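Undergrad: My questions all concern the structure below.
The values are calculated or read from the model by the stated rules, or taken from the named source; none is laboratory data. Here the structure is a predicted model, which means the values were calculated and not measured. Glycine also receives a Cβ, built like all others from the backbone with ideal geometry; neighbour counts cover every protein chain displayed.
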Amino acid sequence: MLTDADIKKTKYMLGLRATYFEEGMHGLDLSGADISHADLHGMQIIDVNFDKAILDNVNLYDSQLVNCSFNGSSMRRAIVRRSDIMDCKFEDAMLSQTDMSESTLFRLSLNDCDMHLTKLINARVVDCNFKNCNLLSSNISGGCLTNVNFDACDMQHINAEKSFMSKVTVSNVKMNHTSLNGALLYNMKFKDVSTDNMLLVETKMDVDPYIFNKAKTVDLKDITSKGLNR
């Protein structure tokens, strides 16, 4: 049976959508608010402060998130598929099991975030910085990553099969047991990266394969000019 608090919260969340669906949410301060399970799909959300807000299981499918702050927020199991997420900040945020598949992530700053089991399948990630983030067992298969930095992140057991990565820098990162089968790696930089038992089957790259001397490799494709001319 719903309590009075549950009924009040439900009315509040329904009111959010009814009030802001047509013109979008602009410049609101929702810091500390509990809007978990809210249906905000298809909405334009700009300059909104979500710091320390609870957005667990929120539906943001096919939405636009621009210049929003999610510092200290919780977005566990949120649905953010086919959305545009631009110029947003995430620090000490909980994003575990969030589904951002087929979304565009542009100029995001993510520091100290828990992103384990996050889905970024077929997503586009451009000009983003990940620092000290837990990406354990995340899925970025089929994703396109350009000009992205990963620093001091846990990227073990990630599924990055058939992904495309260009101008991506990976430093002080654990990538043990991560699968890059069928991926294309171009103009990437690796520094102090652990690659034990990484899987590289038919992976195309212009990277020195010695970096992956502890990985399991089969039929690597050298796409440097030297390799292509063999």
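Undergrad: Report, by residue number, each residue of the stretch 150-167 that is within 14 Å of residue 183 (Cα to Cα), part of a loop (DSSP other than H, G, I, E, B) and within 14 Å of the chain's Cα centre (by Cα).
TA: Matches in the stretch 150-167: 158, 160, 163.
Undergrad: Would you check if residue 19 is of a type in the set (Val, Ile, Thr) and at pLDDT below 65?
TA: Values: of a type in the set (Val, Ile, Thr): yes; at pLDDT below 65: no.
No: the conditions fail for residue 19.
Undergrad: Please state which one of 57, 134, 49, 67 is within 23 Å of residue 160 (Cα to Cα) and modelled with pLDDT of 95 or more. Working first, answer last.
TA: Numbers: 57 fails: within 23 Å of residue 160 (Cα to Cα); 49 fails: within 23 Å of residue 160 (Cα to Cα); 67 fails: within 23 Å of residue 160 (Cα to Cα).
Going through 57, 134, 49, 67 in turn, just one is within 23 Å of residue 160 (Cα to Cα) and modelled with pLDDT of 95 or more: 134.
Undergrad: Answer yes if at least one residue in the stretch 94-114 is crowded, with 22+ Cβ neighbours inside 10 Å, of a type in the set (Val, Ile, Thr) and not in a loop (DSSP other than H, G, I, E, B), and no otherwise.
TA: For the stretch 94-114, residues crowded, with 22+ Cβ neighbours inside 10 Å, of a type in the set (Val, Ile, Thr) and not in a loop (DSSP other than H, G, I, E, B): absent.
Undergrad: Taking strands (runs of 3 or more DSSP E) that fall entirely within the stretch 52-92, which contain at least 2 residues that are over 15 Å from residue 38 (Cβ atoms) and under 14 Å from the mean Cα position of the chain (by Cα)? Full working, then the answer.
TA: Details: elements: 64-66, 84-86, 89-91.
Strands (runs of 3 or more DSSP E) meeting the threshold: 84-86, 89-91.
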